[in-house]
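Trainee: Before we start, here is the structure in question, set down as structure tokens.
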Amino acid sequence: MKPSAGSFSEESAPTTEVFASLSTPVVPTRTVLLDADPAATDPVAAKRAEIRRYFHQTCELYERLFALIRDDASLYERHEPLRHPLIFYFAHPAVFYLNKLTAGRYVPERLDPALEAMMAVGVDEMSWDDLNTAHYDWPSVAAVRRYRAAMRQLVDGFIQKMPLELPIRWNSPAWLILMGIEHERIHLETSSVIMRQMPLDELRHGDELSAEERRLWGACRAVGVAPSNEWLPVAATHVRLGKRDDDRTYGWDNEYGSDEIDLPAFRAGKRLVSNADFLEFVTDGGYRETAWWTEEGRGWLHYTRAEHPRFWTKQGNDYLQRNLLEEIPLPLNWPVEVNCLEAQAYCSWLAAKTDENVLLPTEAHWQVLRNSVPGDLPSWKSPPGNINLERFASSCPVDACPQGDFCDVVGNVWQWTRSPIMPFKGFEVHPLYDDFSVPTFDGRHNLIKGGSWISTGNETLASARYAFRRHFFQHAGFRTIIEEPGNEAVTAGSRLYETDQLVAQYLDFHYWDAASGGFDAAAGGFDAASGGPATRLGVPNFPKACVDATMPHVPADRRERCLDIGCSVGRSAFEFARFFRHVDAIDFSARFIQAGVRLQQGNEVLYEVPTEGELTAGRMVSLDALGLTDAGKQVLFMQGDACNLKAIYSDYDLVFAGNLIDRLYDPALFLQGIASRLRPGGLLVITSPYTWLEEYTQKSKWLGGRREHGEPLSTFAGLSRCLGGQFSLAHRQDVPFVIRETARKHQHTIAEMTIWRRSDDPSATIC
């Protein structure tokens with residue numbers, strides 16, 4: 001859509017003079033250590049200054065990358081069809097800070113609610129990511145620049161005043177700032193990948209760059225004949241994976257925990273696979289011979305009609321390679337950059353050619369090689385490889401950076417592994433970013449390791465774990481290994497995430513009446529439980545009961561569009577879809593949405609329930625078992641903040657907020673916003689047991705359950721006061737529910753359901 005002017009006026013644009021005293025080179029940078037500097041006179045003040053400097057370096061570096069774009073109009077083009085236009089990525093890291101600080105209740109109000117809703121999610125082709133450009137009224141580039149400046153001023157002030165204890169741990173506000181910094185550094189890299197796919201004339205390059213820019217964005221000039229590769233033996237070993245809780249550097253949630261593997265002996269390529277190596281595969285018809293490709297790879301080939309790597313261009317009988325700011329004759333001695341499907345096909349081809357069991361390494365194989373490279377970014381005087389933008393703004397020859405017996409264990413390009421990313425034992429979701437890792441635990445995202453030339457911050461660390469879908473492109477290549485047939489290292493891939501205790505509890509809460517017995521983890525077989533009971537301890541299924549109680553109040557001619565806000569794992573959305581033509585199902589938590597999406601896609605979702613002590617039993621549910629397969633097609637799952645929804649969520653006949661109101665950080669704000677999303681005469685249905693907790697909502701924002709001016713205020717009275725101006729009460733009743741804790745322990749709770757009808761008066765107000 002056409003870019004709008006944005007909400008920040010020129011007069012209100014913050015000045016960046018406040019940052020002038022922090023002027024330091026944007027590279028090289030060193031990721032912040034979490035503990036105190038023993039040499040510092042005032043360790044807390046020194047750490048605060050270090051975080052502040054790292055924050056501003058990150059913002060400056062990101063903006064210098066986007067300054068390479070010659071014309072603002074280019075930011076609105078879709079250069080990578082599986083990702084948003086670059087205007088999204090220019091704004092997204094900035095709004096991330098505000099969205100997380102708001103969710104953590106560290107800031108009292110937002111800078112721009114509309115921008116922060118629009119730019120919140122949608123970056124990895126998830127089914128709940130909205131990549132439909134028609135749904136976006138993109139802001140102007142000037143408005144985003146003003147927003148970024150305002151964000152910098154706000155966060156700078158926050159860093160200077162926030163409570164700070166050392167070492168920094170993940171419940172600290174400083175952890176949240178580091179999260180925002182490392183998140184922006186991820187998008188520095190992913191945005192540069194998109195820019196490599198832009199027409200070169202849309203980027204400033206050559207003589208258009210200043211001397212400083214040429215130093216920062218200069219590519220390697222060393223090209224030549226590729227060295228022959230060889231496989232070096234690596235002895236059998238025991239390897240531990242996972243970041244320790246007391247590690248001195250910031251980590252993403254998927255990095256923590258542990259896994260220990262006895263790894264058989266193997267041979268590993270001394271160097272990364274070069275362009276020359278891969279060119280043999282191309283000229284031998286590798287993209288035409290489907291026998292080398294996995295089923296997924298063949299599907300990708302059929303869809304893309306690819307004939308060579310994405311960053312190559314055919315010119316007569318030769319190839320050119322597109323780098324960030326130039327196109328050069330294919331540098332044969334640089335590493336090839338491909339997606340995982342192409343890397344897998346090359347391994348199959350080379351295995352047939354050499355009669356060896358050639359494979360991609362697992363995460364454990366890479367870790368064994370990495371353990372031989374001493375140190376990490378915070379302790380390196382200079383890195384041992386082409387990383388952290390300290391050598392080139394491109395890859396370089398595969399033999400330029402020896403690291404022990406091997407080259408490029410660290411840096412140059414990321415290295416695909418054959419390991420789908422899965423959680424380690426002891427994995428815990430960070431409560432303020434539960435959609436960083438969990439959506440990738442689906443067997444479809446493979447780990448990349450080692451970092452690339454533009455990897456900075458956390459990405460450079462030995463503990464870093466990043467994963468992409470196998471058809472995605474990054475600055476990524478690969479190394480080959482050889483294992484003895486039948487002695488291949490096991491890779492996780494079948495362990496899905498429904499064993500998360502909270503997700504499993506909600507799955508059981510929503511679907512117990514249709515769950516069949518599954519694998520019993522304690523007995524090592526299948527239990528005898530069967531699904532289909534009408535009640536649990538005499539109480540019907542709660543989501544279904546809510547829908548059954550609601551629908552008699554919905555006229556037959558008002559059943560077009562429904563919004564299930566706070567949909568959790570989806571049962572009420574599927575039930576409403578039996579009556580409505582379309583249901584939008586929105587939840588803040590990606591880990592809940594993921595379960596609903598799997599059901600919608602026709603999968604049987606497995607989860608575990610505790611029986612007694614450490615014993616558990618498996619359960620399995622599907623929409624087919626519920627008779628909801630057809631209804632499920634009318635549901636669209638999306639991730640969103642109930643208190644700050646995108647404008648596209650509107651024009652509903654019914655909004656259902658099931659057990660949500662007392663879990664919002666600002667329930668009155670939610671009610672103010674939801675009225676405009678209903679058609680006149682539409683219904684707002686609220687259920688809640690009114691269990692207000694300061695863990696979720698500041699007491700000053702509770703709608704009820706507290707005293708006001710010394711007098712008790714019930715939540716129903718608070719709701720009536722809030723909604724009375726624009727809604728009338730249509731129905732009120734109790735709806736009980738039971739939550740299973742173990743086979744012999746259950747929680748019995750009674751929620752109140754209130755149904756409110758929106759008036760036809762547009763001038764009426766709420767709260």
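Values quoted throughout were computed directly from the atomic coordinates according to the rules given, and no laboratory measurement underlies them. These numbers were taken from a predicted model, which means no experiment stands behind them. Cβ atoms come from the backbone with ideal geometry, glycine included; neighbour counts cover every protein chain shown.
Trainee: As a test of the formula, what do you get for the chain when each DSSP H run with n ≥ 4 contributes -39,500 (n - 2.57) and the sum is divided by the residue count, at 222 nm and rounded to the nearest 500 deg cm²/dmol?
Mentor: Value at 222 nm, helices only: -8000 deg cm²/dmol.
Trainee: Near the amide H of A219, under 5 Å away, which other amide H atoms are found, from residues 5 or more places off or on another chain, if H is placed in the peptide plane?
Mentor: A393
Trainee: Let me ask another. From the phi of every residue in the range 662-677, what ³J(HN,Hα) in whole Hz does the Karplus formula 6.51 cos²θ - 1.76 cosθ + 1.60 yield, where θ is phi - 60° and glycine or proline is x?
Mentor: 8, 10, 9, 6, 8, x, 5, 4, 4, 5, 4, x, 6, 4, 5, 8
Trainee: Starting with the fewest neighbours, write out C340, C407 ranked by other beta-carbon atoms found within 10 Å of each beta-carbon.
Mentor: Result, fewest neighbours first: C407, C340.
Trainee: Alpha carbon centre of the range 288-345 versus the range 70-109: separation in Å?
Mentor: 30 Å
Trainee: Oh, and also: Taking amide hydrogens as modeled 1.01 Å from N in the peptide plane, which residues meet the under 5 Å criterion relative to G725, leaving out close sequence neighbours?
Mentor: Distant-sequence amide H within range of G725: C767.
Trainee: For the range 17-217, with the dipole built from +1 on Lys and Arg beta-carbon atoms and -1 on Asp and Glu ones, taken about the Cα centre, which of Q197, V155, A91 lies farthest toward the positive end?
Mentor: V155
Trainee: Continuing with the same structure: Rounding to the nearest 10 and keeping the result within 0 to 90°, find how far the Cα-based axis of helix 340-354 lies from the longest principal axis of the chain.
Mentor: Helix 340-354 sits roughly 40 degrees off the main axis of the chain.
Trainee: Report ³J(HN,Hα) in whole Hz for each residue of the range 163-168, in order, from the Karplus equation J = 6.51 cos²θ - 1.76 cosθ + 1.60 where θ = phi - 60°; Gly and Pro get x.
Mentor: Result, rounded to whole Hz: x, 9, 10, 10, x, 6.
Trainee: In straight Cα distance, which lysines are under 27 Å from K314, not counting same-chain residues fewer than 8 positions off?
Mentor: K353
Trainee: Next question, about the same structure. Calculate the dipole size of the range 17-217 relative to its Cα centre from +1 charges on Lys and Arg beta carbons and -1 charges on Asp and Glu beta carbons; express the result in debye to the nearest 20.
Mentor: Here the range 17-217 has a charge dipole of around 580 debye.
Trainee: So, with +1 on the Cβ of K and R and -1 on the Cβ of D and E, and no other charges, what is the size of the charge dipole of the chain about its Cα centre, to the nearest 20 debye?
Mentor: 1020 debye
Trainee: Hey, another quick one. May I ask you to sort D72, D253, D630 by Cβ crowding, counting other Cβ atoms within 10 Å and putting the fewest first?
Mentor: D630, D72, D253
Trainee: Follow-up question, since we're still on this one. Let me make sure I get this right: for the chain, a, b and c are the square roots of the gyration tensor eigenvalues over alpha carbons, sorted descending. Under 1.5 in a/c it's rounded, otherwise prolate if a/b > b/c, else oblate. Which is it?
Mentor: prolate
Trainee: Enter the angle in degrees (range 0 to 90, nearest 10) between the Cα long axis of helix 173-195 and the first principal axis of the Cα atoms of the chain, meaning the one along which they spread out most.
Mentor: It works out to around 60 degrees.
Trainee: In what order do K646, K745 fall by count of nearby beta-carbon atoms within 10 Å, going from fewest to most?
Mentor: Listed from fewest to most nearby Cβ atoms, that is K745, K646.
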